[in-house]
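Just below is one structure, and these are the notes that go with it.
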């Protein structure tokens, strides 16, 4: 029993002395990441519904654009192009949009940034988005098919307008 204790003590001493003699080296591991300014824009449809050429009354509708941008970045301007069927004289700064039925039918309309439908949403300066929070921020879009289009041709009309966040 005494021999067993001596071997146990000698074994522990040998382990302790080898640990005490071991050399070490260490270094810091630097971890990094970059979060870039970025945005995601989602545009909801603008379903105007029926336009009655006999009354010639304007048709209005509202929709939304969802803008999600990186928290802390400068709010980007949100612009819209002229659409696929812009009228003669249309410019990026003063868009004259038209819905088309794919044949000879066109209906003039526009998209606006205010509920009074007096400020056309254009592609030069656009509208400043809400403060980026990393979550979707909705922006209202107001549409109007112009009154007085009594010669409108029967059919289904559409247009595609590109919505852009510039950051």
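Laboratory data are not the source of any read-out in this text; all were calculated from the coordinates shown. From a predicted model like this one, the values you see are computed outputs, not experimental measurements. Neighbour counts are summed over all protein chains in view; Cβ atoms, including those assigned to glycine, are modelled from backbone coordinates with ideal geometry.
Evaluate the following for residue 129: is it more than 14 Å from residue 46 (Cα to Cα), under 17 Å from the mean Cα position of the chain (by Cα) and crowded, with 16+ Cβ neighbours inside 10 Å? So residue 129 fits the description; yes. Whether a residue is in contact (Cβ under 8 Å) with a residue 24 or more places away in the chain, at negative phi and touching a strand residue (DSSP E or B) at 6+ places or on another chain (Cβ under 9 Å) was assessed, and residue 58 passes this test. Scanning segment 134-150 for residues that are in contact with a strand residue (DSSP E or B) (Cβ under 8 Å, 6 or more places away or on another chain) and more than 13 Å from residue 111 (Cα to Cα) gives 134, 135, 136, 137, 138, 149.
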